[in-house]
1. Between copies, how close do the B:Arg95 label points come, placed 7 Å along Cα→Cβ, listed in nm from shortest?
2. Counting only C-alpha contacts under 8 Å and six or more residues apart, can you give the relative contact order of segment A:25-118 as a whole percent?
3. How far apart are the A:Pro58 label points across copies, placing each 7 Å from Cα toward Cβ, in nm, shortest first?
4. Net charge around A:His79, counting only other residues with Cβ within less than 13 Å of its Cβ (Lys, Arg = +1; Asp, Glu = -1)?
5. Per residue, how much space in cubic angstrom lies within the convex hull of the C-alpha atoms of segment B:25-118?
Protein chains: 2
Amino acid sequence: MSNLALGYDVGRAAAAVCCRPLGEKELSAADSERIAAMFKALSDPVRLRLFSKIAAQPAREACVCDIQDVGVSQPTVSHHLRKLREAGLLESERRASWVYYRVTPGALSVLAGLLSQAA
Amino acid sequence: MSNLALGYDVGRAAAAVCCRPLGEKELSAADSERIAAMFKALSDPVRLRLFSKIAAQPAREACVCDIQDVGVSQPTVSHHLRKLREAGLLESERRASWVYYRVTPGALSVLAGLLSQAA
């Protein structure tokens, strides 16, 4: 992604510092705040579906023009994508007339690792 | 857990039917509703911390009497535990004077599998 990327570093920061699986060690209050914000972004059905549409694309990247068929208005789609970006789950980049979104590297694996069962 | 268990079957139902990793296939609208409800239960920092306290115990089970030190009132703890139970993430059982909570078998692995990266 170029230096035009609009994404936040929340997801990458979480990947750097956090977390051992929930089955191994309880979360600190600070980690709970950060991780709960990521879960909150996935807690709306339309937002989760938008995120899954992007995650299922090659390179986990999609033009906003290709993911709008989720039964809500375009401004609502934009609102949900912004929430996902603010939580660090997506990064975005403008290319000509369209904005492209991609899954923040490491964001999914942070959450998956957290939820994975201890061996 | 005995036949006194108060847990819901949401988590077990989700485990039975859902879902391939987000990186492989986008979620249906119906699966998005069900899974978003589980993420919503984890989207509050105190609730997430309570859940992590239980998940980190041997057998992923704890007496409510041992997990109340999260800086909120006892009724608030009860409220959060009820939300986690309603989402299918916890099951509960009364033993004498205390209620015990445990992580619904399969609930964590459903979410972890969903978030895991495609190989």
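Each value in this text was obtained by applying a stated rule to the coordinates, not by laboratory testing. Bear in mind the structure is a predicted one, so any value in this text is a computation, not a measurement. Here the Cβ positions follow ideal geometry from the backbone for every residue, glycine too, while neighbour counts run over all protein chains shown.
1. 5.7
2. Reported relative contact order: 28 percent.
3. 5.3
4. Overall, the nearby charge balance is +2.
5. Spelled out: Cα convex hull of segment B:25-118, divided by residues, is 104 Å³.
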